[in-house]
Amino acid sequence: MTTNLDTRLNTLSPVVISLFRIVFGLLYTIHGAQKLFAWPVGMPDDAGELVGAAVPAGTWPYWYAGVIEVVLGLLITTGLFTRIAAFFASGEMAFAYFTQHQPSGLLPIANGGELAVLYCFGFLLLVAVGGGAIALD
């Protein structure tokens with residue numbers, strides 16, 4: 001019984017990987033668009049309240065992170081240069097975690113870094129498995 005299920009699910013893997021890549025890339029793109037354009041919502045202030053302003057151009061590291069996230073997010077979403085884009089996106093999220101979150105506490109649940117860790121390892125998965133069946137690559 002399990003063998004039949006595994007066989008049937010294995011045939012869906014390339015399409016499901018593509019779906020994962022598209023959703024993950026879109027979320028990452030929006031993550032960057034929030035910083036650069038205050039879209040679809042503005043950035044949170046120190047109290048966690050959403051403010052309408054985007055990050056000022058050239059502000060280190062947030063503005064540069066926004067540019068990286070929009071560019072790499074669009075590449076990952078479309079499946080163009082997926083592995084290399086995901087490699088750099090994974091590195092950016094690791095950098096974000098260790099510089100912005102980890103100093104506030106040891107564990108991601110305590111320092112607000114869960115999203116950075118999830119993005120980092122999700123992109124690392126895409127480096128290993130590629131873009132799936134539906135990609136421009």
Dimensionless Rg over Rh [the chain; C-alpha; Kirkwood]: 1.05
On Cα atoms only, tilt of 114-129 relative to the major axis of the chain in degrees: 40
Mean-position separation - Cα centroids, the stretch 90-110 and the stretch 1-51, in angstrom: 19
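Tell me, what is a quarter of the convex hull surface for the C-alpha atoms of the stretch 89-137, in nm² with one decimal?
3.7
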Qualifying GluC sites (Glu not before Pro) for the stretch 10-99 [loop in DSSP, other Cβ within 10 Å: at most 10]: Glu49
Cα-Cα P(r), the stretch 35-103, percent of pairs per 10 Å interval: 20, 44, 33, 4
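Bear in mind these aren't lab numbers, they're just calculated from the coordinates by the rules spelled out. In this text the structure is predicted, and so the values were computed from the model without any measurement. Every residue, glycine as well, gets a Cβ built from its backbone with ideal geometry; the counts of neighbours run over all protein chains shown.
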